[in-house]
1. Restricting the first residue to the stretch B:39-51 and requiring it to be more than 14 Å from chain A (Cβ to nearest Cβ) and within 10 Å of B:I171 (Cβ to Cβ), which pairs with a second residue that is near ligand 1 (Cβ under 6 Å from one of its atoms) and among the aliphatic types (A, V, I, L, M) meet a Cβ separation below 9 Å and a spacing of at least six or different chains?
2. Can you pull out the residues in the stretch A:222-265 that are over 22 Å from A:T181 (Cα atoms) and within 15 Å of the chain's Cα centre (by Cα)?
3. From the set of residues in the stretch A:93-127 that are among the polar types (S, T, N, Q) and under 17 Å from A:K139 (Cβ atoms), which is surrounded by the most Cβ atoms within 10 Å (Cβ to Cβ)?
4. Tally time: how many residues in the stretch B:131-177 are under 30 Å from B:S6 (Cα atoms) and either in a strand (DSSP E or B) or more than 16 Å from ligand 2 (Cβ to nearest atom) (or both)?
5. Exactly one condition in (1) surrounded by fewer than 19 Cβ atoms within 10 Å (Cβ to Cβ); (2) assigned to a helix (DSSP H, G or I); (3) more than 14 Å from every other protein chain (Cβ to nearest Cβ) is not met by B:R110; state its number.
6. Restricting to the stretch A:121-138, give me the number of residues that are assigned to a loop (DSSP other than H, G, I, E, B) and either closer than 20 Å to A:N253 by Cβ or among the basic types (K, R) (or both).
7. Only one of these is more than 15 Å from ligand 1 (Cβ to nearest atom), within 20 Å of B:L133 (Cβ to Cβ), touching a residue at least 40 places away in the same chain (Cβ under 8 Å) and assigned to a helix (DSSP H, G or I): B:V201, B:V186, B:V191. Name it.
8. Being outside any strand (DSSP E or B) and within 27 Å of A:E379 (Cβ to Cβ) is the requirement here; does B:V49 meet it?
Amino acid sequence: MELTTTQSNVFLNEWLQQIPTKVQHIPDEVLVDALKYIEEQGIPDLKNEAYRGVPIESILKRYFKKIEIASKNEVANTQVVFKNFIVVGDAYSALSIEKGIRVFTSADNIPQEYLNWIGHFKLHQKDFFAALNTGYCDKLIIIHITETLDQPLHLIHFISNQGNFNQQRVLVIVDEQVKATVLESYHFTCQQSYFYNTLSEIIQKEHSQLHWINVQNNPTNTIYSINNVSFSLEKSAILKHHQISLKGSLWRNNIEVHIQQPDVNAEMKGLSIGKNQSIISQYTSILHHSGHSHSYQLYKNIADDKSTVLFNGFILVDKNAQKTDAYQNSKNILLNDNATLFARPQLEIYADDVRCSHGSTTGSLNEDALFYLKTRGIEEKDAQRLLLQAFFNDIIEEIDNADIREFIIQQIEL
Amino acid sequence: MTPLLSIKNLHVTVDGNEILKGIDLEINKGEIHAIMGPNGSGKSTLSYVLAGKDGYEVTEGEIIFNGKNLLELSPEDRAREGIFLAFQYPVEIPGVNNIQFLRTALNSIRQYKGLEPIDASEFLKLVKEKQKLLDLPANLINRSLNDGFSGGEKKKNEIFQLSILNPLLAILDETDSGLDIDALKVVANGVNHYHNKENAVLVITHYQRLLDYIVPDFVHILYKGKIIKSGDKSLALELEKSGYDAYKVETTN
Ligand SMILES: Nc1ncnc2c1ncn2[C@@H]1O[C@H](COP(=O)(O)OP(=O)(O)OP(=O)(O)O)[C@@H](O)[C@H]1O
Ligand SMILES: [Mg+2]
């Protein structure tokens with residue numbers, strides 16, 4: 001016992017020494033807490049419940065023992081869908097924005113009003129990688145949406161074919177009454193294993209409406225991504241969140257929604273399709289700190305080949321969050337006996353006047369339906385595709401913007 | 001003339017139970033055959049074996065369809081070779097659009113035959129024509145496949161698919177059950193419209209009534225996994241009067 005702890009600390013300390021510390025904008029007390037958390041908790045090991053099914057320690061030791069950080073790269077061949085875009089990752093200077101959006105990068109003189117939000121939701125005291133991002137990240141971008149956008153903002157994570165390690169941090173503030181849609185996608189051209197540790201803090205002011213769509217797809221299967229996200233919703237804010245996770249070696253999302261004030265509506269939908277040896281782990285937390293709000297979660301998960309697809313959905317209803325209405329459902333399809341699928345709801349309810357429901361179903365494709373389609377001359381693969389599309393159609397359909405829907409559909413391979 | 005379908009000494013086991021115990025049946029192009037038989041005698045089993053459903057193990061015998069060993073083909077290839085099964089219980093498939101599904105089916109059959117995919121407007125014309133023939137409302141055929149369809153609507157939809165896919169052999173498993181009198185006539189009309197000298201129909205039914213509209217050339221009685229008697233359409237009329245008891249005695253003797 002003693003020995004293993006020491007050994008893994010030795011690894012961690014040597015590992016951390018390879019990361020140049022360039023943190024400038026993180027508030028002092030946040031930084032202290034983050035570093036303390038890193039030291040105390042260490043890299044999540046196999047016994048860590050939150051990382052069940054995600055052998056992150058062995059992944060780091062095996063592929064990222066030696067960290068290489070590339071210098072800033074030129075952006076090339078990025079799939080730009082919208083006129084409004086900001087490129088982050090290892091070339092975050094490229095951007096094109098219309099009025100209504102203000103952007104600050106680490107190189108800028110960032111006003112204090114923004115810095116106050118950094119670490120506000122204490123992700124760095126809940127997750128090792130959030131702490132790592134807080135302690136050692138050198139790329140910070142602040143996006144302040146001050147007016148309703150008439151077209152979506154595209155946030156592109158760009159990584160070129162150099163280095164193997166990058167940490168990106170994003171802070172987004174959506175002003176009162178403002179409506180915006182953000183598409184977040186990943187453009188990785190690297191051929192080697194790459195560790196990408198991101199953290200986003202999103203603040204929604206009163207009566208704002210945000211539709212955030214994160215599309216994770218890395219056809220070269222080189223990315224190991226850990227993505228910590230927290231949304232904070234003030235009075236009457238509306239959040240719609242779509243999490244689409246497709247190809248890649250690892251997609252781990254910790255998505256936290258803080259309902260701070262009443263009359264909030266948070267709707268979370270997800271589609272995960274595990275292929276090859278991918279690991280997709282969705283870890284959501286809806287935290288009802290205030291009552292009279294509504295949260296809805298629907299996640300559809302498909303595991304094929306030797307992939308692992310995990311969903312953990314946590315709902316917390318605080319003591320004074322009366323009249324909360326929280327719903328959670330996950331529907332899972334296992335396509336291959338060699339694949340792993342695991343879905344778990346977790347509820348902690350301290351208020352008495354609430355409506356909470358959750359459910360989870362796991363199965364395979366309906367054999368009778370498959371047979372029926374085949375008796376009409378449809379190939380097994382096509383029949384399977386028709387049934388899978390029928391299975392997740394309601395997740396994609398919900399996205400109003402046709403270009404974004406098309407962007408997603410194009411990338412789904414069944 | 002070689003028969004379109006030739007079944008010889010077919011034995012089929014399901015979950016270790018022998019259900020079909022030596023079936024012989026030949027169907028030529030241009031013919032209509034009817035199979036009648038009590039509940040549980042193996043009629044649907046025969047239709048599933050022809051369509052290629054998993055779990056039906058052929059322990060003896062052979063099936064030759066249009067010169068090919070049917071038992072070696074996958075369900076989709078059987079369909080492409082020209083087998084069509086109208087199910088006794090059509091499956092509901094929410095989320096799969098009826099028309100898109102039919103187009104996918106038609107095109108994959110065409111591709112197998114080396115034909116180009118059907119032109120969109122030509123397909124639409126075909127759909128309209130058959131929809132009228134089967135008296136199906138447009139909103140129904142544009143819904144999800146059989147999803148929430150009434151029993152009768154499902155059966156009509158099967159014959160709608162039959163008329164669009166235009167196979168060589170149509171197997172109708174109790175397509176008449178659950179149909180009202182008008183719907184029965186519409187469905188029979190659809191089948192007769194489809195039927196010609198180049199194809200064949202195998203009707204499975206409990207009721208002579210259907211055979212007034214779809215007139216068979218041959219009627220077979222299936223009993224406990226065997227065809228115990230074959231005859232012309234008058235056999236169905238006899239059966240209606242006497243029930244199966246008279247024939248059971250015949251077999252035991
Ligand atoms: N999986 C199974 N295991 C064991 N027996 C089965 C199985 N499936 C079907 N059978 C049996 O096979 C026999 C034939 O069934 P089948 O459905 O072919 O009858 P049928 O003639 O179509 O009857 P009906 O007129 O009621 O439609 C029945 O006794 C049925 O119980
Ligand atoms: Mg039957």
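The values are calculated or read from the model by the stated rules, or taken from the named source; none is laboratory data. Here the structure is a predicted model, which is why all the values come from computation and not from measurement. Here the Cβ positions follow ideal geometry from the backbone for every residue, glycine too, while neighbour counts run over all protein chains shown.
1. B:L46/B:I19
2. Of everything in the stretch A:222-265, those that are over 22 Å from A:T181 (Cα atoms) and within 15 Å of the chain's Cα centre (by Cα) turn out to be A:I223, A:Y224, A:S225, A:I226, A:K247, A:G248, A:S249, A:L250, A:W251, A:R252.
3. The first filter runs over the stretch A:93-127 and keeps only residues among the polar types (S, T, N, Q), leaving A:93, A:96, A:105-106, A:109, A:112, A:116, A:125.
Okay, now just the ones that are also under 17 Å from A:K139 (Cβ atoms), so A:93, A:105-106, A:109.
Numbers: A:S93: 13, A:T105: 15, A:S106: 17, A:N109: 5.
Among those residues, the one meeting the criterion is A:S106.
4. Final tally of qualifying residues: 17.
5. Only one criterion in (1) surrounded by fewer than 19 Cβ atoms within 10 Å (Cβ to Cβ); (2) assigned to a helix (DSSP H, G or I); (3) more than 14 Å from every other protein chain (Cβ to nearest Cβ) is unmet by B:R110, namely (3).
6. If we filter the stretch A:121-138 for residues that are assigned to a loop (DSSP other than H, G, I, E, B), which is where we start, we get A:121-122, A:126-127, A:137-138.
With the extra rule that they be either closer than 20 Å to A:N253 by Cβ or among the basic types (K, R) (or both), the set shrinks to A:121-122, A:126-127, A:137.
Qualifying residue count for the region: 5.
7. Unique residue meeting the criteria: B:V186.
8. Numbers: outside any strand (DSSP E or B): yes; within 27 Å of A:E379 (Cβ to Cβ): yes.
Answer is yes for this residue.
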